[in-house]
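For reference, the structure is listed below as C-alpha cells.
Each reported figure results from applying straightforward, stated rules to the coordinates on display, with no laboratory input. These figures come from a predicted structure and were not determined experimentally. FYI the Cβ positions are ideal-geometry reconstructions off the backbone, even for glycines, and counts take in every protein chain you see.
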Amino acid sequence: MSAQGAMTDLELIRFVDDYLQACEDRELERATEALADVVSLEFPGPTRFADLHAMAAASSGRYRWVRKHRDHYAVGRDPEGRTVVTSRGRLYGENVHGVPFEDVRYVDVFVLAEGRIVEQHVWNDLAVSGVLDRRG
C-alpha cells in the first residue's frame, strides 16, 4: 500500500481510505505500508505515536472496537506543497463496558510526502461525548 507518482484526488482518497480500513481491521502491517519511515500520529490529548502498534496498544483500554462512517473527504495542499487529505465522519463501536455507541464526530487530517503518510492528526468527540464511560 503506497501512493506512487502523481495521483488524482480520487486515488489519494482511495489510498487514505484503504489505510483507514486496514487500521479498522487491525491489519497493522498492511496499514504500516502506507506510512513513511518517520511518521507522527497525533491523537486527542494530544497523544503522539511513532507507529501503529503503539497506537493500537494505547487504545485497547478505551474501547473494545471502533469504526468510522467516512462521510466526506477533501484533498488540498499545505504551505510546503505537501498533499493533505481530510476525512470527516462519524465513529461507532463498543466501549470497554460492552455498550454500543454511534454518531460520534471525527476529523482525520493526513499529510503525505513522497507517496506516504508522514502525519496523521485525529480529532474526535469520544471523550466529551461520554460514550466511553457508559455502562449497560
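Taking Cα atoms, how many degrees apart are the long axis of helix 9-24 and the longest axis of the chain, rounded to 10 and kept between 0 and 90?
In the chain, helix 9-24 runs at an angle near 40 degrees to the longest axis.
For segment 1-63 and segment 99-119, what is the separation of their C-alpha centers, rounded to whole Å?
Measuring centre to centre over Cα atoms gives 8 Å.
Could you check the simple spin-label distance between Ala50 and Glu11, using points 7 Å along Cα→Cβ, in nm with one decimal?
3.2
Relative to the present Cα-Cα distance, how much length would full extension add between Arg82 and Arg30 at 0.36 nm per residue of separation?
Numbers: separation 52, 0.36 × 52 = 18.72 nm, distance 2.31 nm.
So the chain would gain 16.4 nm between Arg82 and Arg30.
Work from the charge dipole of segment 9-129 (Cβ charges, +1 for Lys and Arg, -1 for Asp and Glu, about the Cα centre) and give the residue of Val84, Thr32, Pro46 farthest towards its positive end.
Farthest towards the positive end: Pro46.
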